[in-house]
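Report on the following structure.
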Amino acid sequence: MSTTVNLSQMQKDHGDFIERVRKLSGQDVRKCYQCGKCSAGCAVHNCQGMDVSPNRVMRMVQLGMEEEVLKSKTIWVCVLCSTCTTRCPRDIDIARVMDALRILSKKNNTFVNAKNANTFHETFMNSIIKYGRVYEAGLAVTLTLKYGYGFNLIGIGPAALAKGTLPFFPPKLKNPEQIKKIVENVEKIERMEGEK
Amino acid sequence: MKYAYYPGCSLHGPAKGYDLSVKAVCKNLDIELWEVPDWTCCGASSAHSFGHLLGLAIPAQTLVPAEQEGLDIVAPCAACWQRLVWVNHEVTTNAKTRDEINQAIGAELTGSSKVLSIMEAVASAGMEKIAQATKKPLKGLKIAAYYGCYYVKPPKVAHVDDPESPKLIDDIMAAVGAEPVDWPYKTECCGASLGFVEFDTTLAMSAKVLDYAIKSGADMIVTACPLCQQNLDMQQSTINKKFGTNHKIPVTYFTQLMAYAFGMSDKEAAMHKNFTSYQSALAKLG
Ligand code: SF4
Ligand code: SF4
């Protein structure tokens, strides 16, 4: 984030951002006083996996930097391990904030820095909507096709098949439509909530 | 003792050895498991990133038969377990969310079935009984009990044990004669869930866990999470290639070692389904 930002303009334009995050996550990010404990203990951040550290994500939410934060890679590579949440002296569930930012980023279609994450989650959801359970072999094949052949899964698949631990055929449920039905119901409930 | 049992997708797939050993251990401890009929995926670790309610409603369905039977429920997968615990947390603390969940699944959940991790279920038999069931004590085997993140964080919701320094698996392992080592990475995340997203970061995170376990003098890493087990075990050779290390530490489910201590062979405990060779570690036992 080397470019200069006009903070007062930002807060004027996105003043309600922190409120939307609160609604989705139940967490009040205003409480964060930037001690940095969340970042210090974050395993992903410590392996240089993030583009913005977790405490900076919190600061960006405070400042209404909506676009920037929703485009960050961090919100998608966060593993939701809740180490930060466990240690935050201000009792903020940072992992839930990250998850709420993901939901917003999906709504706005702003996952430019985390295409694999989006592909994975969508493929996973489609798989369980279709079969009711995860169909690993099918998931691995679909993902490999979508990611391109450079992807590592190719290496895992055959070894796991040889061990007999990766079932070749999709799971068979008496009623495979259970998850599909729930997804439809949740969409209905959320639509009604939105109209209120 | 009787519990409802929710194996979850991975125990019916790549973590078959876990499923087999959980069942064997419970049988030995007179714990009866009643598998939830026609169960569905818990949605981890994707559904909640599509919407909070969706992330709760999908796993909620699994709790319905357990409540109807009046049984507490055991989920041996850490990710499934945490999703179910979240459902109960919301159902018992947030009336609006409870109503929405119930509307989405067409049921009346009340949160009456406790969601137990497999460590708690096994420990409910009592350490004495576990020690009595042990026919081949694992004397001299040094184990690093690895809890991962899901079971202990965030502690307000997921609280099997202390979030920074848990010891339930250590205690169970000590009851079957093994020697738990003290080590600092018990609850650090191994990065398994990033495997499909940012594989290089997964490898870097796992490498640290392996490093510390070995430095602490462990012969074996013992876990209760299928994501951790598969990741640390299966990726070990890739990690060695990438970081120029030569790690060869077996990673087993704690129930596999228990089953072995209860008198089953390594094959019956499905240890041969794991990737990293475990023979030399078990050879120490004579
Ligand atoms: S630990 Fe809490 S208070 Fe400290 S920087 Fe992180 S979010 Fe803010
Ligand atoms: S929940 Fe996310 S931000 Fe927090 S410690 Fe874990 S990976 Fe880092």
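The values are calculated or read from the model by the stated rules, or taken from the named source; none is laboratory data. Everything numeric here is computed off the predicted structure, so don't read it as measured data. Cβ coordinates were reconstructed from backbone atoms using ideal geometry, including for glycine residues, and neighbour counts include every protein chain displayed.
Would you check which residues across the stretch B:203-213 are within 19 Å of the chain's Cα centre (by Cα) and either closer than 18 Å to residue A:41 by Cβ or outside the structural domain of residue B:234 (by TED's automatic domain parsing) (or both) and list them?
B:205, B:206, B:209
For the stretch A:153-179, which positions are surrounded by 13 or more Cβ atoms within 10 Å (Cβ to Cβ) and modelled with pLDDT of 70 or more?
Scanning the stretch A:153-179 gives A:170, A:171, A:173, A:176, A:177, A:178, A:179.
Take residue B:96 and tell me if it is over 20 Å from residue B:152 (Cβ atoms), surrounded by fewer than 22 Cβ atoms within 10 Å (Cβ to Cβ) and within 12 Å of chain A (Cβ to nearest Cβ).
Working: over 20 Å from residue B:152 (Cβ atoms): yes; surrounded by fewer than 22 Cβ atoms within 10 Å (Cβ to Cβ): yes; within 12 Å of chain A (Cβ to nearest Cβ): yes.
Against the criterion (over 20 Å from residue B:152 (Cβ atoms), surrounded by fewer than 22 Cβ atoms within 10 Å (Cβ to Cβ) and within 12 Å of chain A (Cβ to nearest Cβ)), residue B:96 qualifies.
Pairs only if they're at least six apart or on different chains, beta carbon under 6 angstrom, first in the stretch A:84-108 and closer than 17 Å to residue A:67 by Cβ and acidic (Asp, Glu), second more than 11 Å from ligand 1 (Cβ to nearest atom) and not in a loop (DSSP other than H, G, I, E, B); list them, first residue then second.
Within 6 Å, no pair qualifies.
Out of (1) part of a loop (DSSP other than H, G, I, E, B); (2) closer than 21 Å to residue A:135 by Cα; (3) within 12 Å of chain A (Cβ to nearest Cβ), what's the single condition that is false for residue B:76?
(3)
Looking at B:66, B:4, can you tell me which residue is more than 14 Å from chain A (Cβ to nearest Cβ) and touching an Asp or Glu at 6+ places or on another chain (Cβ under 7 Å)?
Going through B:66, B:4 in turn, just one is more than 14 Å from chain A (Cβ to nearest Cβ) and touching an Asp or Glu at 6+ places or on another chain (Cβ under 7 Å): B:4.
Just for the stretch A:10-40: of the residues that are within 14 Å of ligand 2 (Cβ to nearest atom) and surrounded by 15 or more Cβ atoms within 10 Å (Cβ to Cβ), which one is nearest to residue A:72 (Cα to Cα)?
Result: A:39.
Could you count how many residues in the stretch A:111-122 are surrounded by fewer than 19 Cβ atoms within 10 Å (Cβ to Cβ) and either outside any loop (DSSP other than H, G, I, E, B) or not aliphatic (A, V, I, L, M) (or both)? Step through it out loud before you land on a result.
Keep residues of the stretch A:111-122 that are surrounded by fewer than 19 Cβ atoms within 10 Å (Cβ to Cβ), which gives A:112-113, A:115, A:118-119, A:122.
Then drop every residue that is not either outside any loop (DSSP other than H, G, I, E, B) or not aliphatic (A, V, I, L, M) (or both), which leaves A:113, A:115, A:118-119, A:122.
The total comes to 5.
Evaluate the following for residue B:110: is it away from chain A (no Cβ under 11 Å), surrounded by fewer than 24 Cβ atoms within 10 Å (Cβ to Cβ) and part of a helix (DSSP H, G or I)?
Values: away from chain A (no Cβ under 11 Å): yes; surrounded by fewer than 24 Cβ atoms within 10 Å (Cβ to Cβ): yes; part of a helix (DSSP H, G or I): no.
The answer is no for residue B:110.
Could you check how many residues of the stretch B:1-55 are part of a helix (DSSP H, G or I) and within 21 Å of residue B:69 (Cα to Cα)?
The first filter runs over the stretch B:1-55 and keeps only residues part of a helix (DSSP H, G or I), leaving B:9-12, B:16-28, B:47-49, B:52-55.
Next, from what is left, pick out any that are within 21 Å of residue B:69 (Cα to Cα): B:23, B:26-27.
Summing the residues that are part of a helix (DSSP H, G or I) and within 21 Å of residue B:69 (Cα to Cα) in the stretch B:1-55 gives 3.
Would you confirm, using the coordinates I've provided, whether residue A:114 is under 30 Å from residue A:142 (Cβ atoms) and within 13 Å of ligand 1 (Cβ to nearest atom)?
no
In the stretch A:1-44, which residue that is without any contact (Cβ under 8 Å) to a residue 12 or more places away in the chain and within 16 Å of ligand 1 (Cβ to nearest atom) is farthest from residue A:94 (Cα to Cα)?
Only one residue fits best here, namely A:40.
Outside any helix (DSSP H, G or I) and buried (at least 22 other Cβ atoms within 10 Å of the Cβ): does that describe residue B:148? Steps first, please.
On the way: outside any helix (DSSP H, G or I): yes; buried (at least 22 other Cβ atoms within 10 Å of the Cβ): yes.
Yes: the conditions hold for residue B:148.
Against the definition (at the interface with chain B (Cβ under 9 Å from one of its Cβ atoms) and closer than 13 Å to residue A:25 by Cβ), how does residue A:85 come out, yes or no?
The answer is yes for residue A:85.
Between residues in the stretch A:121-132 that are on the phi < 0 side of the Ramachandran plot and at the interface with chain B (Cβ under 7 Å from one of its Cβ atoms) and residues that are hydrophobic (A, V, I, L, M, F, W, C) and part of a helix (DSSP H, G or I), which pairs lie under 7 Å by C-beta distance while being six or more apart or on different chains?
A:124/A:139; A:125/B:47; A:128/A:179
When the residues of the stretch A:19-53 are narrowed to those that are over 28 Å from residue B:198 (Cβ atoms) and within 18 Å of the chain's Cα centre (by Cα), which ends up nearest to the other protein chains (Cβ to nearest Cβ)?
Out of the qualifying residues, it is A:23.
How many residues, within the stretch A:67-97, are more than 11 Å from ligand 1 (Cβ to nearest atom) and not polar (S, T, N, Q)?
Residues meeting the conditions: 14.
Quick test of your reading of the structure: residue A:146 fulfils all but one of (1) at pLDDT 70 or above; (2) outside any loop (DSSP other than H, G, I, E, B); (3) surrounded by 13 or more Cβ atoms within 10 Å (Cβ to Cβ). Name the failing condition by number.
The number of the failed condition is (1).
Can you list the helices (runs of 4 or more DSSP H) lying wholly within the stretch B:186-286 that have 3 or more residues being under 23 Å from residue B:138 (Cα atoms)?
B:199-215, B:226-234, B:254-261, B:279-283
Which number in (1) under 26 Å from residue B:45 (Cβ atoms); (2) away from every other protein chain (no Cβ under 14 Å) marks the one condition that residue B:189 misses?
Exception for residue B:189: condition (2).
Filter the stretch A:49-96 for residues that are crowded, with 23+ Cβ neighbours inside 10 Å, among the polar types (S, T, N, Q) and not in a helix (DSSP H, G or I) and give the result.
Within the stretch A:49-96, A:72, A:82 meet the criteria.
State which residue pairs qualify: first residue closer than 23 Å to residue A:43 by Cα and inside the stretch B:136-150, second residue surrounded by fewer than 24 Cβ atoms within 10 Å (Cβ to Cβ) and aromatic (Phe, Trp, Tyr) in any location, beta carbons under 6 Å apart, and separation of 6 or more residues or different chains.
Note: pairs meeting the criteria are B:144/B:183.
Return the residues of the stretch A:41-69 that are near ligand 2 (Cβ under 10 Å from one of its atoms) and touching a His at 6+ places or on another chain (Cβ under 8 Å); say none if nothing qualifies.
A:53, A:54
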